[in-house]
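One structure below.
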Amino acid sequence: MNKRKLWKPVLTLVLTAFAALYVLPTFLPEGSVPGWFPFKKRLSFGLDLQGGLELRYTVDYKKAISDNLLRTREQVIDAVVRAYATRDGKDPEVLADAEKAAYAQKFTVERTDFDTLSATFKDEADVALLTPDLVQELRSDLVRQAPSGNRVDLRMADQRIASIRDEVVNQTLDVIRKRVEAFGLVEPDVRKNGDTDIDIQMPGVKGAEVEQVRDRIGQTARLAFRIVDRGPDAVAFFKNQEAALATFQEKFPEKGRLLKLDRDATTGQWQLRADAGLVRGKGDSLAKNALYSFLKTIRVPDDHTVGFELVEQRDGNIVRERYHKTLYLWSRADVTGDHLTRAMVLFEQQGEPYVSLEFDNIGAKQFEEVTEKNTNEYMAIMLDDEVNSAPVIKERIGGGRAKITLGGNRHPREVLADAQSLVTVLTHGAYKAPVHKVHDAEVGPSLGKDTIDSGVLSLIISFAIVFVLMVAYYRMSGLLADIGLLLNVLFTLAILVGFNAALTMPGLAGIVLTVGMAVDANVLISERIREEMRLGKGPRACMEAGYDRAFSAIFDSNLTTAIAGIVLLNFASGPVYGFAVTMLIGIVCTFLTQLFVTRIMFEWYIERLRPERLQVGI
C-alpha cells in the first residue's frame, strides 16, 4: 500500500482499539476494572432494561394565575381608593388612614374565578371610577368587562392565559430537569406531554433514592432573595475544603477534573467553579452534577446554603469561558417571590435597560428592612439553587418598588437579554405553580432482566444469520462486510457510552435496524463490483467503480432514514426517542464503516494478495 495512504489503516486501527477499550468496562463485572485502566465509564441502560422510576406530573397553572391575581387585588383596591380621593378633590398621597378605610367600605374586590376579579360597589354610579384606562395602568393583561349593575369584572385576556400556561409549564419542566440532574442520574428523560403534563423516567433509581426523588420533584419552585455572606469564615469556606476537593478529584476523576478553586473578584469569597464548556447543553449538566456531588461530601452549616451561578466570559460576541460558580449565602430568605406582584424591563434616560420590581404591602416592608440592614452587600436572586444574578444593594429601597441594574462594560443587547432573562425568572417565581402527581410506577428489575435477555438474544440471532448469509453468498466480500458490521456496532456502543446516553429496548431495535441498513449498503457495493467484473475490468478497477457507483444510492437511502430519525428526535418522547437516537448514531457509523473502513480493507486485500479475480459472489 502506498505510504501516503498508510494513515487510513493506521487511523482505523487506532479508532477501533480506542472504541474497544472504551466499551470494555461495560462487559466486565462491576468493580473489576483495574485502577490503572484509563476508562471507567459503563454503558447505562434505560428504564425498560434495568428498571427504575416512572412519574407523571401535571402543572396547576390555574392556581398560579389565581394566586398572582389575589396579589393584584390589593393594587385594584388601592387604585379605586385613590380614584375616590381624586374625585372628591383630595390629594391621594396625603390621605389619612381613616379616610382610606372609609373609601374602602364603599366597595369590595373579590376573585370570582382563577382569571377574574370582580369589583362590587354600594353605589352603582361609582362603577365609573374603575375605568378601562385605570385597569390597563394596573395590569395590561386585564380586560375590563361591561358593567352589570353595580358590579364590574376584570378578566385576564385569553391570549395571556395561554402564554402564562406555556411559560409556567416550561419553567416547571426546566426546574424538574435540574432537580433530577442534581441526583447525578445517567440520561434521565424529562419531557412535556400535552399542554400541562410532564413525564419523567429515571433508570436505575431504587431503594431509598425513590422517596428522595419523589419528595424533591414534588416541591414547588421557590423564588428567594438571599444575602451573600462576606464574613471571614464565609470568605474562606471553600478554601478550607481544599483537602476534601483533592480527595474527591482522586476518587472521581471525571467529575473532579471539572472543578477548581479560585477567588471571586467581586464578592471576595473563595469559590468552587465547574467548567461547563463553551456551548450550552450537556456540559452544563455535567458541571452542576460535579458541584452537587462534591457538596454531598462536605458539611454546609444549617444557617448557610450554597447557590450556583452560570458565568459566561465574552470577548465581543465570542464566548471565551463558561462555568458554574458557587456563592456562599445565608440560608434565610427574608424576601421571597410570594410577595412579588410584577417584574418588567424598563430603560434609563440614557437607554440602559434595568429590571423594575413591584411588591405587595408585606413584600415592600420586608424588602425595605432587608435592604436597609444590608446596604453595600450582595443580594442573590435565586430560583431553587440557581442564582440568576447577585447585584449589590446600594441603598435602602422603600415604597414597594425596586430597581436591579445589570450594566457593566457590555453591549446593550447583552444587558437587555440578561434583563429579559431575569424578568422571566422573577415572573415564573410570581406565577409559582404547584405540581400534582398523576402517575407513579416503579419498574421492577425482573422486567428489565427479561427484556435485556430477549433484546440481546434477538441481536445475536440477527447478527449470526446475517454473518452466515453474507459469507456464504459473497465470500471474501461478505467477510469484509461482516467485519465492518462488527465495527459498526462497536462504534455505536462507544458513542453511546461517550455521550452518557442510556441504551433502551427500542435502542436495541435501532441497532438491529442499523445492521440491516449496513448489510443493504454492502449488498449494493458487492453487486456493483460484480457488474464491473462482467465487463472484464481488473480487481482494483472493479472495487473502485463498485464503491463509487453505489455511493449515491447508499447516501440517498440513509439520508431519507436520517430525516425520519430527526423528526422522531424532535417530536417523539420516551421509547421512540431512544430508538431515534440509536438509529441516527447507527447511520453515521454505517457511513464510516461500510463505505470507508471496508474499502480500506479491500484495498489492503488487493494490494497484499494481488488476486486475479475478486471473490464477490457464488
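The values are calculated or read from the model by the stated rules, or taken from the named source; none is laboratory data. Everything quoted here is computed from the prediction, not taken from an experiment. Because the Cβ atoms are built from the backbone with ideal geometry, glycine has one as well, and the counts that use them run over all protein chains shown.
List pairs: first residue in region 18-45 and free of Cβ contacts under 8 Å to residues at least 24 places away in the same chain, second residue of a type in the set (Ser, Thr, Tyr) and assigned to a loop (DSSP other than H, G, I, E, B) anywhere in the structure, Cβ distance under 9 angstrom, at least six positions apart or on different chains. As it stands, the answer is Pro25/Ser32, since those pairs meet every condition given.
Of the residues contained in region 279-294, one or more are found to be surrounded by 13 or more Cβ atoms within 10 Å (Cβ to Cβ), farther than 23 Å from Gly35 by Cα, touching a residue at least 60 places away in the same chain (Cβ under 8 Å) and in contact with a strand residue (DSSP E or B) (Cβ under 8 Å, 6 or more places away or on another chain). When Ile381, Ile404 are checked against the criterion of being under 25 Å from the mean Cα position of the chain (by Cα), among the aliphatic types (A, V, I, L, M), part of a strand (DSSP E or B) and not assigned by TED's automatic domain parsing to the domain that holds Leu70, a single residue qualifies: Ile381. Candidates are the residues of region 54-93 that are farther than 20 Å from Gln171 by Cβ and of a type in the set (Lys, Arg); the one that is surrounded by the fewest Cβ atoms within 10 Å (Cβ to Cβ) is Arg87. Quick check on region 361-376. Is at least one of its residues surrounded by 13 or more Cβ atoms within 10 Å (Cβ to Cβ), in a strand (DSSP E or B) and of a type outside the set (A, V, I, L, M)? No, every residue in region 361-376 fails to be surrounded by 13 or more Cβ atoms within 10 Å (Cβ to Cβ), in a strand (DSSP E or B) and of a type outside the set (A, V, I, L, M). Criterion applied to Glu544, Glu532 was being among the acidic types (Asp, Glu), assigned to a helix (DSSP H, G or I), touching a helix residue (DSSP H, G or I) at 6+ places or on another chain (Cβ under 8 Å) and in the same structural domain as Met476 (by TED's automatic domain parsing), and the one residue passing it is Glu532. Of the candidates Gly538, Gly510, the single residue that is modelled with pLDDT of 80 or more, surrounded by fewer than 19 Cβ atoms within 10 Å (Cβ to Cβ) and assigned by TED's automatic domain parsing to the domain that holds Phe39 is Gly538.
Identify the residue in region 120-144 that is in contact with a helix residue (DSSP H, G or I) (Cβ under 7 Å, 6 or more places away or on another chain) and part of a strand (DSSP E or B) and, among all such residues, is surrounded by the most Cβ atoms within 10 Å (Cβ to Cβ). If we take residues in region 120-144 being in contact with a helix residue (DSSP H, G or I) (Cβ under 7 Å, 6 or more places away or on another chain) and part of a strand (DSSP E or B), then Leu142 is surrounded by the most Cβ atoms within 10 Å (Cβ to Cβ). Scanning region 353-400 for residues being in contact with a strand residue (DSSP E or B) (Cβ under 7 Å, 6 or more places away or on another chain) and either hydrophobic (A, V, I, L, M, F, W, C) or modelled with pLDDT of 85 or more (or both) gives a total of 19. The lone criterion from (1) without any contact (Cβ under 8 Å) to a residue 12 or more places away in the chain; (2) in a helix (DSSP H, G or I); (3) among the charged types (D, E, K, R) left unmet by Glu312 is number (2).
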